[in-house]
Amino acid sequence: MNTTQLFETLAQGEGACIEFKSSFQKEVAETLTAFANTQGGTVLIGVGDAGQIVGITIQPETGAG
């Protein structure tokens with residue numbers, strides 16, 4: 001996803017195939033499972049419910065870094 005696509009997705013807001021998550025918690029796994037069991041979708045982590053970019057802090061348990 002490039003910058004233009006990101007801002008277009010943010011402008012669309014959440015819906016049946018777009019979900020915003022402000023942090024990487026178990027709700028992300030639940031959403032990914034739901035999308036996998038349906039027609040798919042996009043999860044943007046580090047984005048608040050209103051579509052504002054809030055970022056995230058990478059923790060050791062995320063496996064990143």
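Scanning the range 11-23 for residues that are modelled with pLDDT of 90 or more, out of contact with any Asp or Glu (no Cβ under 8 Å at 6 or more places or on another chain) and not in a helix (DSSP H, G or I) gives Gly13, Gly15, Ala16, Cys17, Ile18, Glu19. If you check every pair at least six apart or on different chains, which have Cβ atoms under 7 Å apart with a residue in the range 17-43 that is touching a residue at least 12 places away in the same chain (Cβ under 8 Å) first and a residue that is among the charged types (D, E, K, R) and assigned to a helix (DSSP H, G or I) second? Final answer for the pair search is Lys21/Glu27.
Conditions tested, residue by residue: (1) on the phi > 0 side of the Ramachandran plot; (2) more than 9 Å from the chain's Cα centre (by Cα); (3) surrounded by 14 or more Cβ atoms within 10 Å (Cβ to Cβ); (4) of a type outside the set (Asp, Glu).
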| residue | (1), (2), (3), (4) |
| --- | --- |
| Lys21 | no, no, yes, yes |
| Val28 | no, no, yes, yes |
| Thr33 | no, yes, no, yes |
| Asn37 | no, yes, no, yes |
| Gly51 | yes, yes, yes, yes |
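Restricting attention to the range 24-44, the residues that are in contact with a Gly (Cβ under 9 Å, 6 or more places away or on another chain), of a type outside the set (Ser, Thr, Tyr) and assigned to a helix (DSSP H, G or I) add up to 3. Are any of the residues in the range 21-43 touching a Cys at 6+ places or on another chain (Cβ under 8 Å) and among the hydroxyl-bearing types (Ser, Thr, Tyr)? Yes, there is a match, as at least one residue in the range 21-43 is touching a Cys at 6+ places or on another chain (Cβ under 8 Å) and among the hydroxyl-bearing types (Ser, Thr, Tyr).
The values are calculated or read from the model by the stated rules, or taken from the named source; none is laboratory data. For clarity, every value in this text was computed on a predicted model and none was experimentally measured. Virtual Cβ from ideal backbone geometry, glycine too; neighbours counted across all protein chains shown.
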